[in-house]
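Below is one structure, written out as structure tokens; the observations come after it.
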Amino acid sequence: MPVADPLVMPLVLELLECYEAELAKMETPPNSIGVRPGTVVDFLLSMSDDECCNGLAWIRPEGFYPSSAAFPNQDTVAQKQGTRAWAVTLELGYVQCAPTPDETSIPTNEEWLAVTQSVMDAGAAMRRALCCFIDAQPMRAQRVLPGQWRPIAVQGGCVGGAIPVTIMGPACDCSDAGDTSS
């Protein structure tokens with residue numbers, strides 16, 4: 001698939017390849033793994049499948065900003081050179097069904113333990129995917145900053161977790177970007 005965005009999408013696709021490989025090692029890997037746009041991933045918005053209960057993992061572009069002076073800090077003054085570095089923040093996420101009670105019972109501790117273990121296995125897959133991503137280009141070691149893994153609250157019977165990661169993207173050369181005068 002041709003990618004017109006030379007900054008965000010190549011990073012997304014490379015990280016997705018690592019994430020898919022690591023999720024495949026789970027005892028029960030998610031059925032749906034992909035890229036999702038937007039401010040949040042609505043894992044209850046499925047067209048043909050119960051993505052949550054079948055397992056859903058994603059990479060979501062969260063944003064990007066100029067960071068030429070001191071990665072991962074956002075530039076606060078104009079840069080004098082024509083080359084600008086960018087910080088790209090992506091989210092790796094995972095959800096699955098939480099144990100659901102029926103009319104005569106509630107989830108057992110064993111059911112909660114199994115779901116918790118699965119969610120944490122997905123968290124471990126996220127960490128390994130980041131290692132894979134860095135190992136693909138060892139110079140990235142100082143250019144990849146994972147954030148805090150955070151749980152996703154039970155919503156519509158789904159539970160999981162997500163972690164943001166900020167990556168120093170390639171610098172762009174603005175010298176031949178064309179005439180920007182109005």
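The values are calculated or read from the model by the stated rules, or taken from the named source; none is laboratory data. What you see is a predicted model; the values in this text were computed from it and never measured. Heads up, the Cβs are rebuilt from the backbone with ideal geometry, glycines too, and the neighbour counts pull from every protein chain shown. Heads up: the accessible areas ignore ligands, DNA and RNA and are worked out on the full protein's heavy atoms, side chains in. Shrake-Rupley method; radii C 1.70, N 1.55, O 1.52, S 1.80 Å.
Quick notes
- Meets criteria (over 23 Å from MET126 (Cα atoms), in contact with a strand residue (DSSP E or B) (Cβ under 8 Å, 6 or more places away or on another chain) and in contact (Cβ under 8 Å) with a residue 60 or more places away in the chain) for ALA85: yes
- Among the residues of the stretch 96-107, the ones that are more than 30 Å from the chain's Cα centre (by Cα) and open to solvent by 60 Å² or more (accessible area, probe 1.4 Å) come to 5 in all.
- Scan of the stretch 146-157 for residues that are touching a strand residue (DSSP E or B) at 6+ places or on another chain (Cβ under 8 Å) and part of a strand (DSSP E or B), ordered by number: PRO146, ARG150, PRO151, ILE152, ALA153
- Condition check for ALA141: loosely packed, with under 14 Cβ neighbours inside 10 Å and closer than 20 Å to VAL12 by Cβ: yes
- When residues of the stretch 21-40 are limited to those that are closer than 23 Å to VAL8 by Cα and in contact (Cβ under 8 Å) with a residue 60 or more places away in the chain, the one surrounded by the most Cβ atoms within 10 Å (Cβ to Cβ): GLU22
- Test: residue in the stretch 122-145 that is in a strand (DSSP E or B) and modelled with pLDDT of 90 or more: yes
- Residue in the stretch 64-76 that is in contact with a Cys (Cβ under 7 Å, 6 or more places away or on another chain) and either open to solvent by 80 Å² or more (accessible area, probe 1.4 Å) or part of a strand (DSSP E or B) (or both) present: no
- Within the stretch 80-110, the residues that satisfy the criterion of being over 17 Å from ARG150 (Cα atoms), among the hydroxyl-bearing types (Ser, Thr, Tyr) and either in contact with a Cys (Cβ under 7 Å, 6 or more places away or on another chain) or in a strand (DSSP E or B) (or both) are THR83, SER105.
- Scope the stretch 148-168; condition free of Cβ contacts under 8 Å to residues at least 40 places away in the same chain and within 21 Å of ALA21 (Cα to Cα); matching residues: TRP149
- Odd one out for PRO2, checked against (1) in contact with a Phe, Trp or Tyr (Cβ under 9 Å, 6 or more places away or on another chain); (2) open to solvent by 20 Å² or more (accessible area, probe 1.4 Å); (3) of a type outside the set (Asp, Glu); (4) modelled with pLDDT under 80: (1)
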